[in-house]
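Taken together, the values in this text are just the output of simple stated rules run on the coordinates, not laboratory data. This structure is a prediction, so every number in the text was calculated from the model and none was measured. Every residue, glycine among them, receives a Cβ derived from its backbone with ideal geometry; neighbour counts consider all protein chains shown.
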Amino acid sequence: MNILEKIKKSINHFYNTKNNIIKLPENAYNIWAKNYDNEKDNLILHYDNIILKELISKIHLKDKIIFDYGCGTGRNWSLILDKNPAKVIGCDISQKMLHKLKEKYPNEEVYQSKDLKLSFLPNNTCDIIISTLVIAHITDIEKMFFEWERIIKNKSDIIITDFHPELLAKGGVRTFKNGREVITVKNYYHSIKTIEEILSHFRFKVLNLIEKKIDRNVKHFYEKQNALKIYEKFYNTPFIYGIHLSR
Ligand SMILES: C[S@@+](CC[C@H](N)C(=O)[O-])C[C@H]1O[C@@H](n2cnc3c(N)ncnc32)[C@H](O)[C@@H]1O
């Protein structure tokens with residue numbers, strides 16, 4: 001391995017105590033992209049759907065410009081497009097996730113974003129920002145929210161869902177299988193309070209917060225994955241949240 005490869009490897013790969021490979025989001029999702037839409041019995045994706053449906057049922061998407069931050073493969077786009085928005089715009093750091101989205105929605109507008117910048121969008125463009133299962137992959141959420149503030153209109157809504165920070169704080173990890181490897185995607189801890197505080201500086205108020213805990217209702221997901229030890233370890237810990245803010 002030459003020096004350049006060694007440097008790349010030390011940046012992109014870490015090994016945790018269980019020998020799972022930990023990858024930075026762009027690299028991880030470039031690998032996950034090929035199977036992401038085929039995930040079965042995935043607790044987080046299942047509940048994310050339920051929460052997002054509940055949150056968007058309270059707002060009007062019709063004729064609005066929706067920006068999906070970290071849109072991935074466009075998993076939520078049929079749900080969003082069914083509400084007849086004026087337009088959905090997506091961005092993602094992973095070219096391969098966007099490629100999958102484009103296979104399904106060839107005419108929609110998507111951009112690959114870098115360094116949290118959204119320079120492809122003018123000021124005051126969007127009515128609603130939706131971001132599902134992304135925030136904990138971002139190191140500097142303050143920088144990200146400043147850029148959101150630039151592109152969102154004055155009267156607007158923000159919907160965020162994500163892996164729950166309490167689960168991250170207790171050592172919960174976001175993993176997927178790639179052949180025989182188990183890959184962990186790098187996450188960063190941001191409390192829900194921190195998110196609310198930053199967005200309150202931009203005059204956003206919380207209208208709805210939904211949190212789901214690991215309890216008997218979700219035990220069958222762990223049984224199917226042969227992961228009852230993890231179920232017991234994290235019993236009663238919230239595993240996902242969704243928040244709707246408006247101004
Ligand atoms: C768990 S996936 C969620 C994708 C989609 N929102 C969904 O709910 O299915 C997380 C997504 O966030 C994207 N992502 C991670 N870091 C990002 C960043 N800094 N900027 C934009 N997208 C990012 C990843 O590439 C990936 O597509």
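Here are some notes:
- Estimated D of region 153-212 in µm² per second, where Rh is the Kirkwood radius over Cα pairs and Stokes-Einstein applies at 4 °C, 1.567 mPa s: 93 µm²/s
- Highest mean packing comes first when the peptides 58-64, 93-99 are listed by Cβ atoms within 10 Å, giving 93-99, 58-64.
- Under 5 Å, built H, 5+ apart or other chain: amide partners of Arg174: Val185
- Of all DSSP beta bridges in the chain, antiparallel share, percent nearest 5: 55 percent
- Once the C-beta distance of Phe202 and Glu109 is scaled by a Förster radius of 30 Å, the resulting FRET efficiency is 0.80 to the nearest 0.05.
- Using θ = phi - 60° and Karplus 6.51 cos²θ - 1.76 cosθ + 1.60, couplings along region 140-151 (whole Hz; Gly, Pro as x): 9, 6, 5, 4, 4, 5, 4, 6, 4, 4, 5, 8
- Here the calculated FRET efficiency for Lys177 and Leu24, from their Cβ-Cβ distance with R0 = 22 Å, stands at 0.75, rounded to the nearest 0.05.
- CD proxy at 222 nm, helix term only [per DSSP H run n ≥ 4: -39500 (n - 2.57); per residue of the chain; nearest 500]: -10000 deg cm²/dmol
- Close amide H partners of Asn208, meaning residues 5 or more places away or on another chain with modelled amide H under 5 Å apart, are His244.
- DSSP assigns beta bridges within region 83-159; of those with both partners inside it, close to 10 percent run antiparallel.
- What the phi angles of region 218-225 give under the Karplus curve with 6.51, -1.76 and 1.60, with θ = phi - 60°, is a coupling list of 10, 4, 4, 5, 6, 4, 4, 8 Hz, glycine and proline written as x.
- Distant-in-sequence amide H partners of Tyr111 (H built 1.01 Å from N, under 5 Å): Gly90, Cys91, Asp92
- HN-Hα J in Hz across region 169-182 - Karplus 6.51, -1.76, 1.60, θ = phi - 60°, x for Gly and Pro: 4, 8, x, x, 10, 9, 10, 8, 9, 10, x, 8, 7, 10
- Across the cross-link table entries Lys177/Lys212; Lys34/Lys193; Lys114/Lys193; Lys83/Lys170; Lys83/Lys177; Lys62/Lys114, which are compared at the Cα atoms, the separations over 32 Å belong to Lys34/Lys193; Lys83/Lys170; Lys83/Lys177.
- DSSP-defined beta bridges in region 13-132 - what % are antiparallel, rounded to 5: 25 percent
- Legend: ranking of residues Thr237, Thr161 from fewest to most surrounding C-beta atoms inside 10 Å; resulting order Thr237, Thr161.
- Prolate/oblate/rounded label for region 16-246 (Cα gyration tensor, a/c 1.5): prolate
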